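Q: My questions will all concern the structure given below.
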Amino acid sequence: METKTITLVQESFEKVKPIAPAAAEIFYSKLFELDPQLKPLFPSGEDAMKVQGNKLMTMLAAAVAGLSNLDALIPVLQDLGKRHVAYKVEPSHYDTVGVALLGTLEAGLGDAFTPEVKGAWASVYGVMAGVMIEASY
Ligand code: HEM
């Protein structure tokens with residue numbers, strides 16, 4: 001992965017961190033708008049959603065921090081991907097989540113979500129999803 005890509009993702013994620021709870025909410029509303037059938041895969045109720053949003057942000061934070069050392073991140077992503085099979089996640093769902101994620105970043109970052117930043121996130125998410133899927137199906 002290119003250093004420039006990693007830097008763009010890490011710097012833009014720093015700007016999302018302070019608004020993480022709002023970002024998590026935007027993410028799930030976008031996700032369920034894109035595919036309402038994904039809703040039953042997640043625990044319901046407001047508290048469950050908050051916990052889930054935290055998990056997502058924590059994992060993204062760890063992933064973003066770990067990009068510079070992809071070798072160490074890969075087995076973590078492989079295990080995560082395998083757990084997702086048990087959550088009834090299918091390979092095609094990864095595209096939908098990717099679209100919801102980019103849409104969330106666009107909403108959260110505003111003007112800072114430049115085409116360059118968008119490209120960097122698309123590439124990073126693509127790598128993460130690719131490793132998770134490859135290990136699981
Ligand atoms: C790069 C992609 C993804 C990342 C980093 C990610 C991250 C996580 C994390 C950290 C958890 C907490 C549980 C655990 O660690 O096993 C989780 C759970 C979950 N994820 Fe993902 N996920 C990704 C993709 C997806 C996709 C594509 C779906 C499809 C809708 C999905 C649906 C779920 C569900 C249903 C749970 C379990 C909810 C629960 O029972 O609490 N995830 N994810």
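Q: Taking the stretch 1-18 on its own, how many of its residues are crowded, with 16+ Cβ neighbours inside 10 Å and of a type outside the set (S, T, N, Q)?
A: 5
Q: Out of the stretch 35-50, which residues are more than 17 Å from the chain's Cα centre (by Cα) and near the ligand (Cβ under 8 Å from one of its atoms)?
A: Listed by number, the residues that qualify are 43, 48.
Q: Same structure again: State which residue is farthest from the ligand (Cβ to nearest atom) when the search covers only the stretch 75-98 and only residues that are within 15 Å of the chain's Cα centre (by Cα) and aliphatic (A, V, I, L, M).
A: 76
Q: Still on this structure, I have one more. Report every pair of residues separated by at least 6 positions or lying on different chains whose Cβ atoms are under 7 Å apart, first residue within the stretch 86-109 and closer than 11 Å to residue 121 by Cβ, second assigned to a loop (DSSP other than H, G, I, E, B).
A: Filtered contacts from the stretch 86-109: 105/113; 106/113.
Q: Let me ask something else. If residue 36 satisfies all but one of (1) modelled with pLDDT under 95; (2) loosely packed, with under 13 Cβ neighbours inside 10 Å, what's the number of the condition it fails?
A: Single failed check for residue 36: (1).
Q: Ok, one more. Taking the stretch 51-72 as the search range and keeping residues that are away from the ligand (no atom under 12 Å from the Cβ) and without any contact (Cβ under 8 Å) to a residue 24 or more places away in the chain, which one is surrounded by the fewest Cβ atoms within 10 Å (Cβ to Cβ)?
A: 71
Q: Let me ask you something else. Name the one entry in 115, 91 that is modelled with pLDDT of 95 or more and either touching a helix residue (DSSP H, G or I) at 6+ places or on another chain (Cβ under 7 Å) or buried (at least 16 other Cβ atoms within 10 Å of the Cβ) (or both).
A: Unique residue meeting the criteria: 91.
Q: Something else now. Does residue 30 qualify as being surrounded by 15 or more Cβ atoms within 10 Å (Cβ to Cβ), among the basic types (Lys, Arg) and either within 11 Å of the ligand (Cβ to nearest atom) or assigned to a helix (DSSP H, G or I) (or both)? Outline the logic, then answer.
A: Working: surrounded by 15 or more Cβ atoms within 10 Å (Cβ to Cβ): yes; among the basic types (Lys, Arg): yes; either within 11 Å of the ligand (Cβ to nearest atom) or assigned to a helix (DSSP H, G or I) (or both): yes.
Criteria met by residue 30.
Q: Take the conditions of a type in the set (S, T, N, Q), more than 19 Å from residue 21 (Cβ to Cβ) and in contact (Cβ under 8 Å) with a residue 24 or more places away in the chain and apply them to residue 123. Does it pass?
A: So residue 123 passes the test.
The values are calculated or read from the model by the stated rules, or taken from the named source; none is laboratory data. All of these numbers come straight from a predicted model, not from anything done at the bench. Every residue, glycine as well, gets a Cβ built from its backbone with ideal geometry; the counts of neighbours run over all protein chains shown.
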